[in-house]
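Encoded as structure tokens, the structure appears first; notes follow it.
Coordinate-derived values only; no laboratory data. Worth saying up front: this structure is predicted, and the values here are computed from it rather than measured. When we count neighbours, we look across all protein chains shown, and the Cβ atoms used for this are built from the backbone with ideal geometry, even at glycine.
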Amino acid sequence: MSGKPTIAIDGPAASGKTVVGKELASRLKSRFLDTGNMYRAVTWAALDRNIGLKDEYALQELAETIEIRLVVNSGSDRLLVDSRDVTDLLRRLEIDRGVSDVSAVSGVRRAMVPQQRAVADQGPIVMVGRDIGTVVLPDAKVKVFLMASSQVRAQRRHRENLEKGITTDLRQVSIDLKLRDTQDTERADSPLRPADDALEIDTDSLSVEEVVALIMERVERI
Ligand code: CDP
């Protein structure tokens, strides 16, 4: 194809969206946005301000008022909430456990989605999340839905945690992932599901390289 396509990648927790999306963006020299970090940032701000994660009105107001800024540095992207760099706090257990409650609030989504579309309006991008192909960028030229069994995903997340120096219990990681999947899939607003025209890839027995190659094949065909 001529030019770079907009690529939407969705899938459940730890299905490999971020690592695959970043690699694709680097190959295509496109930008990359992990929308999950935006919902994590709202969750961080809510916990920081002692806002109850069931208080939909306060969460909506919070999402509408905080400024989330992404600073792209060479090598490491940083996420700032009202000028505070919270990048290294977003993967904490309390955020993992609260984020699905926060992201299910329609008022929170109404504050985030236009910001995500505004980023996409600035040019070619690889955007990853739960509702990118279905809601945020329904006209994306390439849509991908990554899947993997819950055991494989729990092992991946467990390993990632260990690499970051976070000690977690594999059984607990698995329980937390399943809970988040259920919440993300069953919520009323923008539930996690593949777009009708998404390329669905089961990544259980595929390397990152192999997943990227499958998506690149699709990119080259459009
Ligand atoms: O990295 P991981 O797959 O574990 O999660 P994430 O992509 O950082 O997303 C964290 C949470 O944000 C998800 O469990 C969803 O509840 C929410 N999310 C969403 O609702 N919509 C998106 N576009 C992205 C994330």
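For this structure, a couple of remarks:
- Sorting the segments 116-122, 164-170 by their mean number of nearby beta carbons within 10 angstrom, highest to lowest, gives 116-122, 164-170.
- Choice from MET38, MET127, MET112 with maximal GNM fluctuation in the chain (Cα, 10 Å cutoff): MET112
- For region 170-222 versus region 119-153, the gap between their alpha-carbon centres in whole angstrom: 9 Å
- Potential lengthening between LYS54 and ARG69 on full extension [0.36 nm per residue; Cα-Cα distance subtracted]: 2.9 nm
- The rule of thumb for compact globular proteins, 2.2 N^0.38 Å, goes into the C-alpha radius of gyration of region 129-182 1.42 times.
- Gain in span if fully extended, ARG193 to SER149, counting 0.36 nm per residue against the direct Cα distance: 14.3 nm
- Dimensionless Rg/Rh of the chain - Kirkwood Rh, Rg from C-alpha atoms: 0.94
- Positive-end ranking of GLY36, LEU80, THR65 along the dipole of region 35-123, with charges on Cβ about the Cα centre, is headed by GLY36.
- Computed over the chain: relative contact order in percent, which uses C-alpha pairs under 8 Å that are six or more apart: 33 percent
- Here's the picture: charge each Lys and Arg Cβ at +1 and each Asp and Glu Cβ at -1 in the chain, and of VAL211, GLY129, ALA8 the one pushed furthest to the positive end of that dipole is VAL211.
- Reciprocal mean inverse distance between Cα atoms of region 88-157 - Kirkwood radius, Å: 14.3 Å
- A simple charge model with +1 on the Cβ of Lys and Arg, -1 on the Cβ of Asp and Glu and nothing else charged puts the dipole of region 35-123 at about 180 debye relative to its Cα centre.
- Test item: Cα-centred dipole of the chain, Lys/Arg +1 and Asp/Glu -1 on Cβ, debye: 340 debye
- Value of Rg to Rh for region 35-123 (Rh from inverse mean 1/r over Cα pairs, i.e. Kirkwood): 0.95
- Among the listed pairs LYS54/LYS178; LYS29/LYS178; LYS4/LYS54; LYS141/LYS164; LYS143/LYS178, those with a Cα-Cα distance over 32 Å are LYS29/LYS178; LYS4/LYS54; LYS141/LYS164.
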